[in-house]
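Take a look at the structure set out below.
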Amino acid sequence: MMAVDYKELKKGGFMRMKQKDCFSMRLKSVGGHFTAAQLATVEKVAEKFGKGYVHLTSRQGIEIPFIRLQDIPQVKEELHAGGVSVGVCGPRVRTITACQGAATCPSGLIDTVHLANEFDKRYGGRELPHKFKFGFTGCHNNCLKAEENDFGVKGGVEPRWSQDACTYCGVCEAVCPEKAITVKADENTVAIDRSRCVYCGKCIKSCPMDAWQGESGFVVSFGGLYGNRIAVGRHFLPIIFDEEKLYEVVDTTLKFFEEHAKPGERFGTCLDRVGWDLFIKEVEVVIHG
Amino acid sequence: MADGMKTDANVDITDVVCPMTFVKVKVALEDLNDGQVLGVHLNDGEPIQNVPRSLKDEGHKVLSVRKAADDTYDLIVQKNGLAQ
């Protein structure tokens, strides 16, 4: 029998198990969405080729353990016929994670599902010096933990107040988790301390008169790690409102990673070594021109 | 009650946590007619951050908010006030 190319198998989402010639097969997931029909396919394959169970991964994926080496071609075929793709592993853009976002969540400020799919189309599986993770979370509640990712995107909104509609009821001051808003009903004034605002949008979503409005945008964090080494992704850019601008920032980030990282070096570790300032300067050019 | 505003009913939700906070408010609003006002006594933190948003989502209008000395809040809410 030919030597097994484990690296190639891993690239195609087959994770070697302790048990000889057995693999845990990673399925492709974008933002953790699977259709009922896809799940039916997964069920069938797990019953027929695995041990009748699946493992839900930490990044919203599904793995089917105990797939035998000789069954791999047939497993791939049956999955493909049932609308399920195999995932990726190794030094490349990994599973893109997302919360359910603005499409369904009352707190959501950005369409995380759309973004995750668009990012997957543009960057999914791209070869890089090491693994690279994108994660999307719809709002400041951060259910999807944006800062764990090499590149995290969090929905935010910059609130603007308009005097005409305001009844000075005080609800915005009460709901603001950062105590950034001060309402003085007797003086008919509302003040916001911009340095304290975290773009959560609670003032906008609570205001009964829609006196608070604002445009939603993307709050980006860089260099997060949550494995062998733990580092919180850093924020240094202003909120980005234009989706195309966001892609320019990604392109610059991935180019920087390709040019500066050693093989097997994570993005955050690379930045620590070559200097964050160098990277910040390049990204700021994208933002400010 | 806050601002000395007259309320048609009052509900204290300081004894429950999310999501029962809003459930209690909804039940209290059920007994009122459109345009009538409910006083809601609630805690700082999650309740005050979330209950006003849920009220707005369901079309009820917060008329006033007052913070008490013990860090609780009193809301005055008009049933279906946003539809009028």
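The values are calculated or read from the model by the stated rules, or taken from the named source; none is laboratory data. Computed from a predicted structure; not experimentally measured. Here the Cβ positions follow ideal geometry from the backbone for every residue, glycine too, while neighbour counts run over all protein chains shown.
Structure data summary
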item: Flag for A:THR189 being surrounded by 13 or more Cβ atoms within 10 Å (Cβ to Cβ), farther than 16 Å from B:ARG53 by Cβ and out of contact with any His (no Cβ under 6 Å at 6 or more places or on another chain); result: no
item: Residue list for the range A:126-151, restricted to those being part of a loop (DSSP other than H, G, I, E, B), more than 14 Å from chain B (Cβ to nearest Cβ) and farther than 16 Å from A:ARG266 by Cα; result: A:GLY138, A:ASN142, A:CYS143, A:LEU144, A:LYS145
item: Only listed residue being crowded, with 19+ Cβ neighbours inside 10 Å, of a type in the set (Asp, Glu) and within 30 Å of B:LYS61 (Cα to Cα), chosen from A:GLU173, A:GLU215, A:GLU178; result: A:GLU173
item: Any hit, the range B:22-44, residues being without any contact (Cβ under 8 Å) to a residue 60 or more places away in the chain, within 11 Å of another protein chain (Cβ to nearest Cβ), charged (D, E, K, R) and at negative phi; result: yes
item: Counted residues, the range A:152-190 - those being among the aliphatic types (A, V, I, L, M), at pLDDT below 95 and either within 22 Å of A:ASN142 (Cα to Cα) or part of a loop (DSSP other than H, G, I, E, B) (or both); result: 3
item: Checklist (1) over 19 Å from the mean Cα position of the chain (by Cα); (2) touching a residue at least 40 places away in the same chain (Cβ under 8 Å) applied to A:GLY170, failing item; result: (2)
item: Residues (in a loop (DSSP other than H, G, I, E, B) and crowded, with 18+ Cβ neighbours inside 10 Å) located in the range B:32-74; result: B:LEU32, B:HIS60
item: Number of the exception - B:LYS79 against (1) touching a helix residue (DSSP H, G or I) at 6+ places or on another chain (Cβ under 7 Å); (2) within 11 Å of chain A (Cβ to nearest Cβ); (3) not aromatic (Phe, Trp, Tyr); result: (2)
item: Hits in the range A:76-99 - residues which are surrounded by fewer than 19 Cβ atoms within 10 Å (Cβ to Cβ), part of a loop (DSSP other than H, G, I, E, B) and either in the same structural domain as A:LYS154 (by TED's automatic domain parsing) or free of Cβ contacts under 8 Å to residues at least 60 places away in the same chain (or both); result: A:GLY82, A:GLY83, A:SER85
item: B:ILE13 being more than 20 Å from A:PRO208 (Cα to Cα) and surrounded by 21 or more Cβ atoms within 10 Å (Cβ to Cβ); result: yes
